[in-house]
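One structure below.
The values are calculated or read from the model by the stated rules, or taken from the named source; none is laboratory data. Everything numeric here is computed off the predicted structure, so don't read it as measured data. Here the Cβ positions follow ideal geometry from the backbone for every residue, glycine too, while neighbour counts run over all protein chains shown.
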Amino acid sequence: MDTQAATTMIDRRNSAQVWSWLAEVPDPEIPVISVVDLGIVRDVAWHGDECVVTITPTYSGCPAMTVIADAITQALREHGIESVRLQTQLSPAWTTDWMSEDGKRKLKAYGIAPPAEQVIDISGLRSDAAAASAISRKRPALVVVCPHCGSSRTRITSQFGSTPCKALYRCDDCLEPFDYFKCH
Amino acid sequence: MANDKFTNDKFNYLLRLGDTALVLSQQLSKWCGKGPALEEDMALTNVALDLIGQARMWLSYAAEIEGAGRDEDQLAFLRDAHQFRNFLLVEQPNGNYADTLVRQFFFDAWHYFYLGALKQSSDQRIAEIAEKSLKEVTYHLRRSGDLVVRLGDGTELSRSKVQTAVNALWPYTGEMFKADALDDAMTAVGIAPDPASLRAAWLDHVAEIFAEATLTMPAPDAWMQKGGKQGVHTEHLGYLLAEMQFLQRAYPGAQW
């Protein structure tokens with residue numbers, strides 16, 4: 001189908017179509033989940049003929065963001081949208097709460113334990129005591145389930161893994177190391 | 001060039017935040033491939049990556065406020081040491097691993113409490129960058145605190161190295177909490193918290209970690225270094241910038 005024909009078929013009042021296309025754009029670091037599963041696409045809007053996609057960075061220095069922006073633009077162009085504009089939104093800051101249930105399932109099947117604890121709720125932290133609890137060594141340890149064998153007997157080996165969004169864990173039952181997608 | 005005082009103050013204030021993140025990121029990146037363990041190597045470079053991202057956000061905003069046609073890259077690569085506004089603490093050498101770790105722990109703890117307060121900034125953009133950064137810094141501080149305990153309450157040798165680093169770096173912590181006229185100007189309009197107001201929470205956290213790490217806390221009222229925030233630096237910054245800025249100085253405008 002040529003671009004001209006595709007363009008005439010796009011219903012500009014219907015951003016659901018655009019969302020479904022974005023749901024096929026893979027995350028460059030973890031290709032089993034899409035940028036929509038990851039929760040980084042915050043809004044899709046039409047300004048005349050221009051499609052404006054609002055994205056939010058996962059981590060400030062995440063080098064994948066440029067690749068993600070390019071992939072989104074390219075995917076929409078391939079679907080016949082000629083004018084695509086990406087805009088970045090910082091607030092509210094990205095949280096793993098926005099990750100879809102489907103995305104979490106796919107992560108687990110891929111061998112990465114999905115986010116397990118409640119998000120670090122810093123929005124309500126006003127008092128010194130509350131702020132200190134998020135960083136206290138007495139904070140409750142979270143239970144991360146091994147994506148390989150399902151055991152809860154796991155331990156953290158490092159707060160940081162191969163990408164900023166992951167931590168390194170080890171399973172005490174099957175003895176396999178694995179990545180854990182950190183709560184954020 | 002911005003000429004009214006408020007704009008100029010805000011520009012310089014943003015440089016303090018951006019330069020501090022940038023310089024520490026550069027220091028940490030020197031450990032890449034040389035960390036004492038694979039996990040530590042990855043942790044240091046992850047933290048460096050978060051900090052470079054934060055530095056970009058602060059310096060981009062600084063460049064916009066300045067309105068002189070510069071961008072974040074020009075601010076990072078084409079200013080000299082006396083134009084940098086980072087804390088003296090973050091330009092201190094990597095030294096041995098205890099030196100790197102203690103520098104990080106002192107900074108992370110300040111960063112955590114400072115960003116928590118900065119989220120209430122009257123400047124929306126600053127509040128948003130602080131909100132974003134705080135999530136990352138929470139993990140930085142958990143790691144550096146855990147490791148201070150592990151090495152402090154470790155072997156006789158590891159404890160002694162950490163204690164030596166604590167004693168050597170302590171005089172560089174005062175600057176983080178000492179307000180000058182620029183801090184006062186920002187506090188007066190609700191852009192920034194009074195740095196002194198965060199000192200009690202910082203001291204409490206450091207004391208709690210040190211107690212578990214069996215480390216001795218230096219006297220809080222000890223004599224403290226200052227000058228970084230005003231552009232008066234130790235000799236270390238010049239060497240760091242020479243390495244960091246070489247490419248853009250030798251090949252102006254070079255693109256990756």
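Miscellaneous remarks
- Being of a type in the set (Asp, Glu), assigned to a helix (DSSP H, G or I), within 11 Å of chain A (Cβ to nearest Cβ) and under 30 Å from B:PHE6 (Cα atoms) holds for only one residue in B:GLU131, B:GLU39, and it is B:GLU131.
- The one condition in (1) modelled with pLDDT of 95 or more; (2) within 11 Å of the chain's Cα centre (by Cα) that A:LEU38 fails to fulfil: (1)
- Remark: pairs (first residue in the stretch B:166-179, farther than 18 Å from B:PHE210 by Cα and without any contact (Cβ under 8 Å) to a residue 24 or more places away in the chain; second residue assigned to a loop (DSSP other than H, G, I, E, B) and not aliphatic (A, V, I, L, M); Cβ separation under 7 Å; 6+ apart in sequence or on different chains) = B:ALA179/B:ASP194.
- For the stretch A:136-165, the candidate set comprises residues that are outside any loop (DSSP other than H, G, I, E, B) and at the interface with another protein chain (Cβ under 9 Å from one of its Cβ atoms); within that set, the residue that is surrounded by the fewest Cβ atoms within 10 Å (Cβ to Cβ) is A:THR157.
- The residues listed here are B:ALA130, B:ALA55; of these, the one that is touching a Lys or Arg at 6+ places or on another chain (Cβ under 7 Å) and buried (at least 22 other Cβ atoms within 10 Å of the Cβ) is B:ALA130.
- When we screen B:ASP194, B:ASP204, B:ASP184 for residues that are closer than 21 Å to B:ALA117 by Cβ, within 19 Å of the chain's Cα centre (by Cα) and among the acidic types (Asp, Glu), the only hit is B:ASP194.
- For the stretch A:108-119, the criterion of a residue being aliphatic (A, V, I, L, M), modelled with pLDDT under 90 and not in a helix (DSSP H, G or I) is satisfied by at least one position.
- Yes/no for B:ALA55 being outside any helix (DSSP H, G or I) and under 23 Å from B:ARG249 (Cα atoms): no
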